[in-house]
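To keep things clear, I will list the structure first and then write my remarks on it.
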Amino acid sequence: MRDVGVAAAPGSSSAGLGVGAVGAAVEAVAGVAAMQEEVGIRREGPEPDPDEPPKKRVKVPEGESGKLEERLYSVLCCTVCLDLPKASVFQCTNGHLMCAGCFIHLLADSRLKEEQATCPNCRCEISKNLCCRNLAVEKAVSELPTECTFCLKQFPRSSLERHQKEECQDRVTQCKYKRIGCPWQGPFHELPAHENECSHPTKTGTELMGILGEMDQNHRRDMQLYNSIFSLLCYEKIGFTEVQFRPYRTDDFITRLYYETPRFTVLNQTWVLKARVNDSERNPNLSCKRTLSFQLILKSKVNSALECSFLLLKGPYDDVRIKPVIHHHSFSNDANETDYVPLPISDSVECNKLLAAKNINLRLFIFQVQK
């Protein structure tokens, strides 16, 4: 509704109008507008100017367009998974948004299919060089409300993690006697009552020995890896180098993606590393689960068997998570290749990170066993 102004008569001042007269005029105009709304009468006039200043625009009722958060959700969501990004937000050259997970997945898929990655909306080319992060969207998303999975209350996304880990009274927690075998899990506000009634502190030594025996067995497996690494560090001949896997395609009728490093020298011997995706599966781009496996190849000729231990770790500037696994092989002129062994990455998300990169940079350690 347009603003209604009351003009003073010529030669008079606005102070001459009584307060009651102004109020009556406003009420009369409001009453006429309400009657027109009820009977469906609308004034004929020019269309509203879209460039009109915001203060003159009529506010759209909330029921017609939804809440502000819902409208922002549809604007700021990822164009691939249609969900709000949880971390970094990337945009193509035309401004379409993609969450970090979907962006990396698109790049990995293009590598597997030997195609140029494109934006799913406008089909423009995308890559780590062509796309950039949108910090404004990341900050806007962090301020949008979201629901706590435990107490179902609304919190800004930026503070949700702290609330769920430290403040929420309904968050899932464990009994402090878990170290002696108590399996209880429940909401935080029930923890004091449970710990007061927990039966594990009153168990006999014989009962606790059985529980602690199982826990020691799991701990022993973890310590075995670290002890093995410390033992390898005592070897006389130790070598390491940074290796760079580059993507190639096989020359077969059905081409497959594989990776290979240039030749490198460690311990005065020449080596090559090869890697393959999903153990050379025919169409790895159709699989949600993705893995990488590698083999170490000795290219030099040796006079006697060369017994070595080796392991791959992430490079100094990569963020991929690799859990170290030690492998052993006795190299000779007749057995100069190891079997393909899994690259110990945590999940398919980490594998996509490697596939999306132009090259895979890792660090190789080789320990020669002295006879």
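Length gain on complete extension for the stretch residue 127 to residue 87, per 0.36 nm per residue less the alpha carbon to alpha carbon distance? Write down the numbers at each step before the final one.
Numbers: separation 40, 0.36 × 40 = 14.40 nm, distance 1.82 nm.
12.6 nm is the gain from fully extending residue 127 to residue 87.
Treating cross-link reach as a plain straight distance, find the lysines whose alpha-carbon is under 17 Å from the alpha-carbon of residue 139, omitting any fewer than eight places away in the same chain.
List returned: 86.
Of all the accessible heavy-atom surface of the stretch 276-371, with the other protein chains kept in place and a 1.4 Å probe, what percent is carbon and sulfur?
Its accessible area is 47 percent carbon and sulfur atoms.
Given the pairs 323/358; 128/299; 113/323, which are separated by over 32 angstrom at their Cα positions?
128/299
Mind pulling the per residue volume of the convex hull built on the Cα atoms of the stretch 205-324? Å³ is fine.
Cα convex hull per residue, to the nearest whole number: 206 Å³.
Lysines within cross-link reach of residue 176: Cα-Cα under 19 Å, excluding same-chain residues under 8 positions apart?
The reachable lysines, counting only those whose Cα sits under 19 Å from residue 176, are 165, 203.
Can you work out the FRET efficiency for the pair residue 302 and residue 226, with r the C-beta to C-beta distance and R0 = 35 Å, to the nearest 0.05? Display every interim value, and only then the final one.
Working: r = 31 Å, r/R0 = 0.88.
So, using R0 = 35 Å, E works out to roughly 0.70.
Any idea of the accessible area per residue across the stretch 101-243, 1.4 Å probe, to the nearest Å²?
On the way: 9730 Å² over 143 residues.
Accessible area per residue: 68 Å².
When you count, for each residue, the other Cβ atoms within 10 Å and take the mean per peptide, how do 296-302, 152-158 rank with the highest first? Don't skip to the answer; put the middle values down first.
Details: 296-302: 15.3, 152-158: 12.9.
In decreasing order of mean packing, 296-302, 152-158 become 296-302, 152-158.
Given N residues in the stretch 323-371, what is Rg(Cα) / (2.2 N^0.38 Å)? Could the numbers behind the result be given before it?
Working: Rg = 14.2 Å, N = 49, 2.2 N^0.38 = 9.7 Å.
Here the Cα radius of gyration is 1.48 times the empirical estimate.
Contour minus end-to-end for residue 195 and residue 159, with contour as 0.36 nm per residue of separation and end-to-end as the Cα-Cα distance?
Computed gain between residue 195 and residue 159 is 10.0 nm.
Run the simple label-point estimate for residue 328 and residue 347 please: 7 Å along Cα→C-beta, distance reported in nm.
3.4 nm
Among 263-276, 215-228, what's the highest-first ranking by average C-beta atoms within 10 angstrom per residue?
Averaged packing, sorted descending, gives the order 263-276, 215-228.
Set the Förster radius R0 to 51 Å, insert the Cβ-Cβ distance between residue 209 and residue 270 as r into 1/(1 + (r/R0)^6), and round the FRET efficiency to 0.05.
For residue 209 and residue 270, the calculated efficiency is 0.40.
Kirkwood hydrodynamic radius, computed over distinct alpha-carbon pairs, for the stretch 121-274: how many Å, to one decimal? If you can, show how the numbers build up before the last one.
Numbers: mean 1/r = 0.0433 Å⁻¹.
It works out to 23.1 Å.
Can you give the Rg to Rh ratio of the stretch 65-165, both from alpha-carbon atoms, with Rh computed by the Kirkwood formula?
That ratio equals 1.04.
Could you tell me which residue out of 79, 144, 130 lies farthest along the dipole of the stretch 65-165 toward its positive end? Charges go on the beta carbon: Lys and Arg +1, Asp and Glu -1, centred on the Cα centre.
The listed residue farthest towards the positive side: 144.
Give me the percent of accessible area attributable to carbon and sulfur for the stretch 65-165, probe 1.4 angstrom.
Answer for the stretch 65-165: carbon and sulfur cover 52 percent of the accessible area.
Roll a 1.4 Å probe over the protein chains and send me the accessible area per residue for the stretch 245-284 in Å².
Working: 2330 Å² over 40 residues.
With all protein chains present, the stretch 245-284 gives 58 Å² per residue.
Residue 68 to residue 238: extension gain in nm, 0.36 nm per residue of separation minus the Cα-Cα distance?
55.0 nm
The values are calculated or read from the model by the stated rules, or taken from the named source; none is laboratory data. Model, not experiment: these values are computed from the prediction. Here Cβ is always computed from backbone atoms with ideal geometry, including for glycine, and neighbour counts include all displayed protein chains. Only protein heavy atoms, including side chains, enter the accessible area calculation; ligands, DNA and RNA are left aside. Shrake-Rupley method; radii C 1.70, N 1.55, O 1.52, S 1.80 Å.
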